[in-house]
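Read the structure below first, then the notes.
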Amino acid sequence: MNIAVKLSADTGALAPGEAARMNWAITSSAYGPVGRPTGDIDDAACPGFLANLLTGLGHAEDAKGDFVLDLAEVDHIAANALLTLTMARKDAVARGVKIILARPTQAVREILEISRYQLIFDIVDSLEPGSH
């Protein structure tokens, strides 16, 4: 399954008159649907981030698979985005879907580890099962 969807959410101003963007694409992997955000996931991006996560969880539930959040192109994730991810996990558990965090950048991995997210999410280095 390869779903070609590209969604964007405003994430605030970089400089006067310039807006940053969190882009989102959905593809697939052996795990199931893959959400691919790019850019910074800051406070302003959280509503769009949650909407995209819930859509991806719906695809994973329909496919009877896991949902992978590919963090390879995320430069920064704000504390509110971590809370958003935790809220999405609660929805995932209710649906019987596991969220897998894949390929986080070093900066994002450090944030996840400091926040102890490795205790509630699988964090993998590859989009292929078995090559963690």
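Coordinate-derived values only; no laboratory data. Just so it is clear, the structure is predicted and the values come from calculations on it, not from any experiment. Heads up, the Cβs are rebuilt from the backbone with ideal geometry, glycines too, and the neighbour counts pull from every protein chain shown.
Okay, which of region 80-121 sit inside 13 Å, backbone N to the point 7 Å along the Cα-Cβ direction of Asp62? Inside the label zone: nothing. Here the extension length gained between Leu83 and Asp43 equals 13.4 nm, from 0.36 nm per residue of separation less the Cα-Cα distance.
The 3J(HN,Hα) values that the Karplus relation (6.51, -1.76, 1.60; θ = phi - 60°) gives for region 24-29 are, in residue order, 9, 10, 10, 10, 9, 8 Hz. Gly and Pro appear as x.
Modelled spin-label separation between His76 and Lys90, with each label point placed 7 Å from Cα along the Cα-to-Cβ direction: 2.7 nm. In order along region 86-103, the Karplus-derived 3J(HN,Hα) couplings, from 6.51 cos²θ - 1.76 cosθ + 1.60 at θ = phi - 60°, round to 5, 5, 5, 4, 4, 5, 4, 4, 5, 8, x, 10, 9, 8, 10, 8, 10, 6 Hz, and Gly and Pro are given as x.
Backbone amide hydrogens, once placed in the peptide plane, bring Met22 within less than 5 Å of Ala9, Thr11, excluding anything fewer than 5 places away on its chain. Residue by residue, region 80-85 carries 3J(HN,Hα) couplings of 5, 5, 5, 4, 4, 5 Hz when phi is fed to the Karplus relation 6.51 cos²θ - 1.76 cosθ + 1.60 (θ = phi - 60°); x denotes Gly or Pro. Under the convention that each Lys and Arg Cβ holds +1 and each Asp and Glu Cβ holds -1, the size of the dipole of region 70-109 around its Cα centre is about 240 debye.
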